[in-house]
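Q: Let me give you the structure first, and then I'll get to my questions.
Laboratory data are not the source of any read-out in this text; all were calculated from the coordinates shown. This structure is a prediction, so every number in the text was calculated from the model and none was measured. Neighbour counts run over all protein chains shown; Cβ positions are idealised from the backbone, glycine included.
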Amino acid sequence: MASYVKHGVAFLFILAVLSTPAASVYTLTDSGGLGARFDGVGGLSGGGATSRLLVSYPEPYRSQILDYLFKPNFGAALQILKVEIGGDAQSTDGSEPSHMHSAADRNYTRGYEWWLMREAKKRNPAVRLYALPWAFPGWVGGGEAFPYHRPETTAGYIVDWILGAKSVHNLDIDYVGIWNERIHDVTYIKTLRKTLDDNKLGHVNIVAPDGGWVQISKDIMADPELAAAVDVIGSHYPGTHSPPMAQQTGKTLWSSEDFSTINNGTGASCWARILNQNYVNGHMTSTIAWNLIASYYDDLPFPRSGLMTANQPWSGHYEVSDPIWVTAHTTHFTSPGWQYLKGVGHLDGGGSYVALTDGKEGLTIVIEAMTHQYSQCVRPLLPPYEVKPGQAATFQLGGAFENITRLHVWYSKLIGDRTVHFQSQDDKIVSGGKFSMEVAENCLYTLTTVKEAPPKIYPKSPASAPFPLPYKDKFDGPADSSEAPYFADQTGVFELYVNESSSDHSHTLRQNITERPIVWCNDADSTISVIGDYNWSNVTVSCDLMVESGGGAFVAARVDRGGCGVSQARGVFFWLLEDDANNWAVSSDIDRNDILGQGKVNATIVGQWHKLSIFAKGDSIAGSLNGKVLFDITDVELPSKKGFAAIGTLGLQKVQFDNFSVDKAK
């Protein structure tokens, strides 16, 4: 019996050894040449005013946030900054101002993208700058809602922005796009190339189309002049794949907008997967995240879909989210100009690996094993796949790397109770050019010859706090933006303005757009800028305003939306109008289709300052003009029970605002 048990144990041991899967072997060598040039990892500011609140952060928190984004070997250490060329129109979470509201207007200090580019360059002079329009001022189209109608005018407008970046801010733009996610025009692309060259901007590379792969690839293959004009084919949300035709063009391929996923563990896993697999599957040499930083109100579209979140400048609170450290796994140990090795691909048990070299025997390997369940991006749909837990992997180094004896190891675990962010582990010993490791699911690894100390981090930011009430603004103006703190323009452009004709209202906020832009999405017919807390229900909103030449203006409470759906906004809108029939009205929608009350006042509307106040509490609303109550309505059924405070204009009219205030309704 003893002998039988002994042999039984031995037999089971042999079975266990035989059933243990052998480690898969992956060869990494530069023998036989290298793969494509690595162009960097980037973040996108704009595409909808996504960095709007960042400029209003107090120090030292603003500088800390910028360090986490751009400072080398610190946080994300981004290598590309892509910005929106403002076009005076809504582009997802807000409207960004153009440098040319009209053909005769030039102002290279509007908005915050100039400031942001300067701050990025201050931290990393090597960061590449990439600019792209979403919308255009109406004059560009000459009456047509299409920028390609006048290619020379449109190209001149874009080149003027690039020249202004250099002359005013000493910023060299490296890449410029066509028109975000809209059909491209071959004549316009050629015209833009010529206009750049004629202005001694031959170094500026054209990225096209910032949309899909297919048509631009067909056009490039058929047109040598177009092929010479386009430097990079940029696709959005490619799902890690590019079609054969795009690769056959011989052009550099980028995922020029990707991610747009909430920045929790799942979002970070999405980001880790696509950073590797965009090259493995699609031969894309750069991936750019929309968006750089979620610095817009949570209740606007795509909340917290940035690499980190900073949307409480009043408190100083910000969150260094998981995607920051995912980015660091690549950017801390590579630079644009490194090259991918040819031997990159998928792990046998699921996941992927890439390897890059500086051409000087430096080597960085990034391995991800993100599961399907926890790495789904918002778009596109991720086909099913499996990742085996605890994969055994052996890497064989050859060529210039065969004499490497150790690799520094960095590790992140992105899902589960024991989340780990970018931690240094013991060096991996390489013997005979070979090393083995276990690759755990939902984990990210970097193995590299680049030696780096663990990054320092700042103390935790101040605690989160609600928007402070009461809040007042006299629009005296910050130093770094043409916009008032905390206001988020949704349609139109509201700019700080020095009114030399008035001593009582010498500094105001002025809505400056008078011509409908070439829009990217559905702007409202009336302009609107929102502020505060979407959960505000019982508030009083007041503001002085002066209608300059016609139309009208409003103050509002409980505004229930912004973004590309702003034309459908509901709330409580109190209007002062230049109208022979009714000089005031209160409506529950921005289009004034649902009028709750209206009437006339014995006052001059145009050219005179008036104070409007709107009160909302429960099912009661009231409004006053210059202290006189015009309506007091109870038991009203309102479609919007909570929302932002707001100011705005009827149509595209110049209106000035001053002495804004919002407080709890008493």
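Q: Kindly state, to the nearest 0.05, the FRET efficiency for Ala463 paired with Asp417, given R0 = 25 Å and r defined as their beta-carbon distance.
A: The value I calculate is 0.55.
Q: Could you work out how far the C-alpha centroid of the range 311-333 sits from that of the range 412-429, in angstrom?
A: Comparing the Cα centres of the range 311-333 and the range 412-429, I get a distance of 17 Å.
Q: Here's a follow-up. Cα atoms only, the chain: Rg and Dmax in Å?
A: Rg then Dmax for the chain, in Å: 28.2, 112.
Q: While we're looking at this one, here's another question. FRET efficiency for Ser431 and Glu181, Cβ-Cβ distance as r, R0 = 60 Å, nearest 0.05?
A: Details: r = 50 Å, r/R0 = 0.84.
According to the calculation, E is roughly 0.75.
Q: Let me ask something else. Can you report the principal axis dimensions of the range 40-338 using only the alpha carbons, biggest first, rounded to whole angstrom?
A: In descending order, the Cα extents are 48, 45, 33 Å.
Q: Right, something else. Provide the per-residue ³J(HN,Hα) series for the range 96-102, in order, calculated from phi with Karplus coefficients 6.51, -1.76, 1.60 and θ = phi - 60°, each as a whole number of Hz, with x at glycine and proline positions.
A: 10, x, 7, 7, 9, 5, 9
Q: Which residues' amide hydrogens lie under 5 Å from the amide hydrogen of Gly651, considering only partners 5 or more residues apart or on another chain, with H built in the peptide plane?
A: Amide H neighbours of Gly651: Ser526, Thr527.
Q: Taking the chain as a whole, which cysteines find no other cysteine Cβ under 4.7 angstrom from their Cβ?
A: Cys443, Cys543
Q: Sort out for me the Cα centre separation of the range 235-300 from the range 478-547, rounded to whole Å.
A: 34
Q: Next question. For the residues Ser217, Ser167, Ser315, Ser501, what sequence is obtained by ranking on other C-beta atoms within 10 Å, fewest first? Before the final figure, lay out the partial values.
A: Details: Ser217 23, Ser167 10, Ser315 18, Ser501 6.
Fewest-to-most ranking of Ser217, Ser167, Ser315, Ser501: Ser501, Ser167, Ser315, Ser217.
Q: Relative to the longest principal axis of the chain, what angle (0 to 90°, nearest 10) does the C-alpha long axis of helix 61-70 take?
A: 40
Q: What are the semi-axes of the equivalent ellipsoid of the range 486-642, taken as the square roots of 5 times the eigenvalues of the Cα gyration tensor, listed largest first and rounded to whole Å? Can you show the working numbers first?
A: Details: eigenvalues 102, 85, 46 Å².
Ellipsoid half-lengths, sorted descending, are 23, 21, 15 Å.
Q: Note down the net charge around Leu66, summing +1 for each Lys or Arg and -1 for each Asp or Glu among other residues with Cβ under 10 Å from its Cβ. Each step should come with its number before you reach the end.
A: On the way: positive: Arg62, Lys71, Lys122, Arg123; negative: Asp67, Glu119.
Net charge in that neighbourhood comes out at +2.
Q: To the nearest 0.05, what FRET efficiency results for Lys474 and Gln608 with a Förster distance of 30 Å applied to their C-beta separation? Walk me through the numbers on the way to the answer.
A: Working: r = 19 Å, r/R0 = 0.64.
E(calc), rounded to 0.05, equals 0.95.
Q: Taking the Cβ of each residue in Asp197, Asp489, Asp172 as the centre, tally the other Cβ atoms inside 10 Å and list the residues starting with the fewest.
A: On the way: Asp197 12, Asp489 28, Asp172 15.
Ranking Asp197, Asp489, Asp172 by Cβ neighbours within 10 Å, fewest first, gives Asp197, Asp172, Asp489.
Q: Past the 20 angstrom mark, what percentage of all C-alpha to C-alpha distances in the range 384-450 do you count?
A: On the way: 776 of 2211 pairs.
The answer is 35 percent, as a whole percent.
Q: Could you work out the longest stretch of the chain that avoids the GluC sites (Glu not before Pro) located in DSSP loops with at most 11 other Cβ atoms within 10 Å? Present the calculation step by step, with values, prior to reporting the outcome.
A: Working: sites that count: Glu386, Glu500, Glu637.
With GluC sites (Glu not before Pro) excluded where exposed in loops, the chain gives 1-385 as its longest stretch.
Q: Can you give me the C-alpha center-to-center distance between the range 54-98 and the range 588-620, rounded to a whole angstrom?
A: After rounding, the separation between the Cα centres reads 37 Å.
Q: Still on this model: Rank the residues Met100, Met437, Met370 as a footprinting-exposure proxy: fewest other Cβ atoms within 10 Å of their Cβ go first.
A: Working: Met100 24, Met437 17, Met370 30.
Ranked by crowding around the Cβ, least crowded first: Met437, Met100, Met370.
Q: Give the lysines whose C-alpha is closer than 17 Å to that of Lys166, dropping any in the same chain fewer than 8 places away, or say none.
A: Reachable lysines: Lys82, Lys121, Lys122, Lys200.
Q: In straight Cα distance, which lysines are under 18 Å from Lys642, not counting same-chain residues fewer than 8 positions off?
A: Within the straight-line limit of under 18 Å, Lys642 reaches these lysines: Lys617, Lys664, Lys666.
Q: Please give the charge dipole size of the chain, origin at the Cα centre, charges +1 on K and R Cβ atoms and -1 on D and E Cβ atoms. Round to the nearest 20 debye. Walk me through the numbers before you get to the answer.
A: Values: 53 positive and 70 negative charges, 348 e Å.
Approximately 1660 debye in magnitude.
Q: Counting helices only, and only those DSSP H runs with n ≥ 4, report the 222 nm mean residue ellipticity of the chain as the sum of -39,500 (n - 2.57) divided by its residues, in deg cm²/dmol to the nearest 500.
A: Working: 10 runs with 119 residues, N = 666.
Helix contribution divided over all residues of the chain: -5500 deg cm²/dmol.
Q: Another question, then. In nm, give the distance between the simple-model label positions of Ser167 and Glu361, each being 7 Å from the Cα along the Cα-to-Cβ direction.
A: 5.1
Q: Starting from the Cα of His283, step 7 Å along the direction of its Cβ; do the same at Cys521; then give the gap between the two resulting points in nm.
A: A separation of 3.4 nm, rounded to one decimal place.
Q: Over the range 395-495, with a single point scatterer placed on each C-alpha, what log10 of the ratio I(q)/I(0) does the Debye formula yield at q = 0.21 1/Å?
A: Debye curve over Cα of the range 395-495, log10 I(q)/I(0) at q = 0.21 Å⁻¹: -1.16.
Q: How much length is gained if the chain between Lys641 and Leu382 is pulled fully straight, taking 0.36 nm per residue apart and subtracting their Cα-Cα distance, in nm to one decimal? Write out the running numbers ahead of the final one.
A: Details: separation 259, 0.36 × 259 = 93.24 nm, distance 3.72 nm.
That works out to 89.5 nm of additional length.
Q: For the chain, take the longest principal axis of its alpha carbons; what is the angle in degrees between that and the long axis of helix 186-198, to the nearest 10 within 0 to 90?
A: With both axes taken from Cα atoms, the answer is about 90 degrees.
Q: Now for a different question. Using the alpha-carbon atoms, what tilt in degrees (0 to 90, nearest 10) does helix 2-19 show relative to the longest principal axis of the chain?
A: That works out to roughly 50 degrees.
Q: Please state, rounded to one decimal and in Å, the Kirkwood hydrodynamic radius that the range 145-278 gives when every pair of distinct Cα atoms enters the mean of 1/r.
A: Numbers: mean 1/r = 0.0628 Å⁻¹.
It works out to 15.9 Å.
Q: Apply the Karplus curve 6.51 cos²θ - 1.76 cosθ + 1.60, θ = phi - 60°, to the phi angles in the range 438-450 and return the couplings in whole Hz, x for Gly and Pro.
A: 9, 9, 8, 5, 6, 10, 10, 10, 10, 10, 8, 7, 7
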